[in-house]
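Worksheet for the structure shown next.
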Amino acid sequence: MIDVKVLVTGGTGYLGSAIVHALTRRGHDAIVFARHASSSGLPGSRLDGDVRDTRSVTAAAAGVDAICHTAALVSVWQRDRSAFDAINVGGLQSALAAIRAHRIPRLVYTSSFLALPPSDSPRPLTANDYQRTKVIARDVARRAAAEGVPVVTLYPGVVYGPGRTTEGNLVARLMTDRLHRRLPGIVGGDRTWSFAYIDDIAEAHVSALTTAAPQAEYQLGGVNAPQRAIFEFLRDARGLSVPRNIPTTLAALAGTFEELRAAVTGRPPLLTRGVVDIFRHDWSLESADAVRDLGLQTTPLADGLNHTLEALE
């Protein structure tokens, strides 16, 4: 693949920074665009900016060959709900404006498996503001593609691996909580997730810059397995028992209480009704197209979880 100059919005995030490293490994020129890019220490050029500022994104995109738009507000709750719309929808609109202004030949947009219908339902959910705005942004991307904008939309599964235990790395957070005995139970332990190892997903993003067809969409899944597989791994690796499964009705009541507490205190809830609703469903993905067109690799779940555990200890 020829060397390309790529603007990576949200380049300091969990997935964004992995994409920046993958671009650098392949000899590409990455421009990291984020609110605190200059202090990130990431390779490539670094520009401080906010995806909500369309003029800033457009200026940063001058002279690039592609934009990889990974910026998103990944959170189960924010006191200011409008932030989800401004970042998750408005940020994509900023990237699309930059593509149109400079006639850039490729936009790779990182959506989410949560923007798709679960495998046990014909329609997408809008269980919380993150999911709601990712569904809206998916439709924005699809309308742009229908108008001829060269946007490739990627739907990663549950991205996990070594790295910061942010809300974008849920598996590492769950593992950390269990290792420190802070997780008495789980919701939807028998429901299927698609565990997508961070390096596999980052490499697929880089491939999508040149090998994917314009206006294409790809599911970037990994190993489809029940959520409890995380804890079965910890049982076998560290002798920890598998947490008991909390009934969804009880979990929803706890979520209601936590949301009321958050509204009063301003501190994020430990659980929300939206999360419980999401955990009621199966989220398996079919990634054959991405394997064929993007060379998507699938790290075995035991290997990926072991790498994650080693990084946590």
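Below are the figures for this structure:
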item: Per-region count, segment 265-298, residues in contact with a Phe, Trp or Tyr (Cβ under 7 Å, 6 or more places away or on another chain), open to solvent by less than 30 Å² (accessible area, probe 1.4 Å) and under 24 Å from ALA204 (Cβ atoms); result: 4
item: One residue from ALA262, ALA251 being under 16 Å from GLN78 (Cβ atoms), open to solvent by less than 40 Å² (accessible area, probe 1.4 Å) and in contact (Cβ under 8 Å) with a residue 60 or more places away in the chain; result: ALA262
item: Those residues of segment 186-202 which are more than 15 Å from PHE233 (Cβ to Cβ) and either open to solvent by less than 30 Å² (accessible area, probe 1.4 Å) or in a helix (DSSP H, G or I) (or both), in sequence order; result: VAL187, GLY188, SER194, ALA196, ILE198, ASP199, ASP200, ILE201, ALA202
item: Hits in segment 160-185 (condition: surrounded by fewer than 21 Cβ atoms within 10 Å (Cβ to Cβ) and outside any helix (DSSP H, G or I)); result: PRO162, GLY163, ARG164, THR165, THR166, GLU167, HIS180, ARG181, ARG182, LEU183, PRO184, GLY185
item: Residues that are more than 13 Å from GLY189 (Cα to Cα), open to solvent by 20 Å² or more (accessible area, probe 1.4 Å) and not small (Gly, Ala, Ser), drawn from segment 225-248; result: PHE233, ARG235, ASP236, ARG238
item: Filter result (open to solvent by 40 Å² or more (accessible area, probe 1.4 Å) and assigned to a loop (DSSP other than H, G, I, E, B)) within segment 51-71; result: ARG52, ASP53, ALA62, GLY63, ASP65
item: Count of residues meeting criterion [of a type outside the set (Ser, Thr, Tyr) and assigned to a loop (DSSP other than H, G, I, E, B)] in segment 1-50; result: 18
item: Single residue of segment 29-40 satisfying the filter (of a type outside the set (D, E, K, R) and under 20 Å from ALA98 (Cα atoms)) that is surrounded by the fewest Cβ atoms within 10 Å (Cβ to Cβ); result: ILE31
item: Filter result (open to solvent by 10 Å² or more (accessible area, probe 1.4 Å), over 19 Å from VAL158 (Cβ atoms) and in contact (Cβ under 8 Å) with a residue 24 or more places away in the chain) within segment 94-115; result: ALA97, ARG100, ALA101, HIS102, PRO105, ARG106
item: Complete set of residues in segment 131-153 that are of a type outside the set (Lys, Arg), surrounded by 16 or more Cβ atoms within 10 Å (Cβ to Cβ), out of contact with any helix residue (DSSP H, G or I) (no Cβ under 6 Å at 6 or more places or on another chain) and outside any loop (DSSP other than H, G, I, E, B); result: ALA141, ALA145
item: Scan of segment 24-81 for residues that are in contact with a strand residue (DSSP E or B) (Cβ under 8 Å, 6 or more places away or on another chain) and among the aromatic types (Phe, Trp, Tyr), ordered by number; result: PHE33
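The values are calculated or read from the model by the stated rules, or taken from the named source; none is laboratory data. Worth saying up front: this structure is predicted, and the values here are computed from it rather than measured. Don't worry about glycine lacking a Cβ; one is built from the backbone with ideal geometry, like all the others, and counts go over all protein chains shown. The area values use the complete protein model at the heavy-atom level, side chains included, leaving out ligands, DNA and RNA. Shrake-Rupley method; radii C 1.70, N 1.55, O 1.52, S 1.80 Å.
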